[in-house]
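What follows is a short report on a single structure.
Coordinate-derived values only; no laboratory data. Remember, predicted model here, so these are calculated numbers, not experimental data. Please note: Cβ atoms are built from the backbone with ideal geometry, for glycine as well, and neighbour counts cover all protein chains shown.
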Amino acid sequence: MNRDELRQALQFYRDLGVTDVYLAEAPKETGRESTPIKVISPQEEVVLPGLEPEGDTLEKIQEDIGPDCRRCRLCEQRSKIVIGSGNPHARLVFVGEGPGADEDAQGLPFVGRAGQLLTQMIDGTTAKEGMPIHRADVYICNVVKCRPPENRTPLPDEMETCGQFLFRQLMAIRPKAICALGSTAAKALLNTKDGVTRLRGHWHKWHDIPVIVTYHPSYLLRPYNQDAKRQAWEDLKKVLHYVYD
Ligand code: URA
C-alpha cells in the first residue's frame with residue numbers, strides 16, 4: 001500500500017466513523033518489516049478488512065438498509081426509502097443529494113422535474129455525441145436515501161449515517177467514474193467545503209475512482225442559470241467520453 005492508498009484507506013474508515021487509527025508498523029514500501037495496519041476503536045482492536053466488503057452487492061446493501069430504516073430522523077417523514085436505480089454494473093454512477101417529493105412517493109431517484117432534466121441531459125448528450133448510452137445504462141443514487149423535510153439540505157449526521165451505504169454502493173459497482181451532482185454530493189465524496197463553481201471542470205478522486213463535480217439539476221432549472229447549464233453539459237460530455245470512448 002503506497003502513501004496515497006493509505007491516505008484513502010484511512011479516509012474511508014474515517015467516513016465510516018472510525019476515529020482512532022494507529023499504524024502498527026511502517027508500510028511495506030519503506031523496506032522495513034511490516035504488519036497489517038490496525039484500527040483501534042475504544043472497545044477493541046481490529047485488523048482493517050479490504051476496502052471492498054467481501055461479496056458486497058446492491059441487493060445485500062438494500063437488505064442491510066432494511067425495509068424500515070430508522071437510523072436517523074429522516075425516517076420520520078419519509079414515505080419510501082430511495083436506494084438507487086439503473087444498471088448494477090454501470091460504468092458511470094451519478095450521485096445526487098437526497099430524494100424530493102416525487103422520489104419519496106415513487107421510491108426511485110431523480111423522477112421529478114430535476115430528474116427529467118437529468119434524463120434529458122444524459123440521453124441528449126449521448127445522442128448528440130453518437131454514443132449508444134441511455135439513462136438506464138448508468139446508475140443513479142443519492143447521498144441520503146430518505147427525503148429531508150421541505151427538501152432541506154441533509155445535516156452532517158444524516159449524511160454520515162447514510163453515507164456508509166452510498167460508499168458501499170460505489171464499492172460494489174466500482175464504476176469507471178462518478179458524477180457528483182451538486183455540492184452535497186461533492187462534500188460527501190470529496191470531504192470538501194468548496195462549492196461546485198470551484199470544483200467543476202477538474203477531475204477529483206473518490207478512492208481510486210475519478211470524480212467529476214457538476215451543478216445539481218434543480219439548480220439548473222432556475223431560469224437565470226443558463227451559463228451553469230452550458231457548463232453542466234460540458235461536464236457531462238467530459239465524463240461520458242472518459243467512460244465510454
Ligand atoms: N434531487 C436529488 O438530489 N435527488 C433526487 O433523487 C431527486 C432530486
Exercise. Quick one: which of 80/237; 60/238; 60/187 span more than 29 angstrom between C-alpha atoms?
Worked result: 80/237; 60/238
Problem set entry | Relative contact order, percent, region 78-169 [alpha-carbon distance under 8 Å, six or more residues apart] | 39
For this session: Take the alpha-carbon positions of region 164-245, form their convex hull, and give its projected area averaged over all directions (one quarter of the hull surface) in nm².
Result: 5.5
Exercise. Taking the Cα atoms of region 51-136 alone, what are Rg (to one decimal) and Dmax (as a whole number) in Å?
Worked result: 15.1, 45
Problem set entry | Cut-off 11 Å (backbone N to label point 7 Å along Cα→Cβ of residue 244), residues of region 110-136 | 122-136
For this session: Taking 7 Å along the Cα-to-C-beta vector as the label spot, tell me the residue 237-residue 80 distance in nanometres, rounded to one decimal.
Result: 3.5
For this session: Report the far tail of the P(r) of region 112-220, meaning the percent of Cα-Cα pairs longer than 21 Å.
Result: 38
